[in-house]
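J.: Here it is: the structure, laid out below.
Nothing in this text is a laboratory measurement; each read-out follows from the coordinates by a stated rule. Since the structure is predicted, the reported quantities are computational estimates derived from the model, not experimental observations. We place every Cβ from the backbone using ideal geometry, glycine too, and count neighbours over all the protein chains shown.
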Amino acid sequence: MIRACIFDMDGVLVDTEPVWRRVERDVFSRLGIELSDEQLRETWGLRIGEVVDHWYRARPWDGIRPRAVERAIVRGMVEHAKSDLIVLPGAVEALRTAKSLGLQVAVASSSSRELIDAVLQRLDVVQLVDAVCSADDEELGKPDPAVYRSAARLCGAAPVECIAVEDSPNGVRSAKAAGMACVAVRSDQSLPADAVAQADCVIESLTQLTPELLRQLSPQSVDVNARRRF
């Protein structure tokens, strides 16, 4: 029996990827580091601290500590969350659908709690979400399963009683490592074959996250050898 539906945020509920790239490119360019879209996608799905550390190792800069760079990026994202974020098709309806089935609804994101809260307020869905977990509060971020296990615990559910909704390779790996069924949503990025293979089904947008699909993904009905496409 499924007891909880746990949503990633970036690329699932809101189209933050272009905003992340814009803010990161702006902050890093002030450090003399010019990054292409392709380079910025190398860190897709990681915590912002891990993103900053990645580029500090690859192209170290002087004068500003990595944690200050991290804070500047988060501040920029929170400001954009107030006006610039694009709500992805079916996002609010998907939260309502899960809630209407009597499921606990959670958000488990690699973003900071400050940004998650700003996005949920922007979407006006705070009342639909029972638990919020940021990978910033865990020792390790995605693909480690810790953030999903924390979300399950806050929902009062075992991981096997949860469905995760993800769009990134690291997110899919995190959810499956936690022991959850996973719905992979195709974003403007193409999920690599290994991430698709791990997901229990793949949908094109959250408009396809129907009550029928959620019921089909109960632990008893998930067939790990037969991936669904919708």
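J.: Taking the chain as the reference, fit the longest principal axis to its C-alpha atoms, fit the long axis of helix 113-123 to the helix C-alpha atoms, and give the angle between the two in degrees, 0 to 90, nearest 10.
T.: Approximately 60 degrees, to the nearest ten.
J.: With θ set to phi - 60°, apply the Karplus curve 6.51 cos²θ - 1.76 cosθ + 1.60 along region 82-98 and write out the HN-Hα couplings as whole Hz, x wherever there is a Gly or Pro.
T.: Per residue, the Karplus-derived 3J(HN,Hα) values read 6, 8, 9, 6, 9, 6, 6, x, x, 4, 5, 5, 5, 4, 5, 4, 4 Hz.
J.: Related question: When the helices in the chain are scored as -39500 (n - 2.57) per DSSP H run of 4 or longer and the sum is shared across all residues, what 222 nm value do you end up with, to the nearest 500 deg cm²/dmol?
T.: -12000 deg cm²/dmol
J.: Now for a different question. So for the chain: antiparallel DSSP bridges make up what percent, rounded to the nearest 5? Display every interim value, and only then the final one.
T.: Details: 1 of 23 bridges.
That works out to approximately 5 percent antiparallel.
J.: Would you list MET77, MET9, MET1 from fewest to most Cβ contacts within 10 Å?
T.: Going from least to most buried by this count: MET1, MET9, MET77.
J.: OK, next. What fraction, in whole percent, of alpha-carbon pairs in the chain exceed 23 Å separation?
T.: 44
J.: Ok, one more. Starting from the Cα gyration tensor of region 17-81, take the square roots of the eigenvalues, sort them a ≥ b ≥ c, and report rounded, prolate or oblate (rounded when a/c is under 1.5, otherwise prolate if a/b is larger than b/c, else oblate).
T.: Here region 17-81 falls in the rounded category.
J.: Any chance you could give the angle, 0 to 90 degrees and rounded to 10, that helix 66-81 forms with the longest Cα principal axis of the chain?
T.: Around 60 degrees separate the two axes.
J.: List the trypsin sites (Lys or Arg not before Pro) in region 8-107 that DSSP assigns to loop (not H, G, I, E or B) and whose Cβ has at most 16 other Cβ atoms within 10 Å. Which are they?
T.: Passing sites in region 8-107 are LYS82.
J.: Same structure again: Which value, in debye to the nearest 20, describes the size of the charge dipole of the chain about its Cα centre when Lys and Arg Cβ atoms bear +1, Asp and Glu Cβ atoms bear -1, and nothing else is charged?
T.: 260
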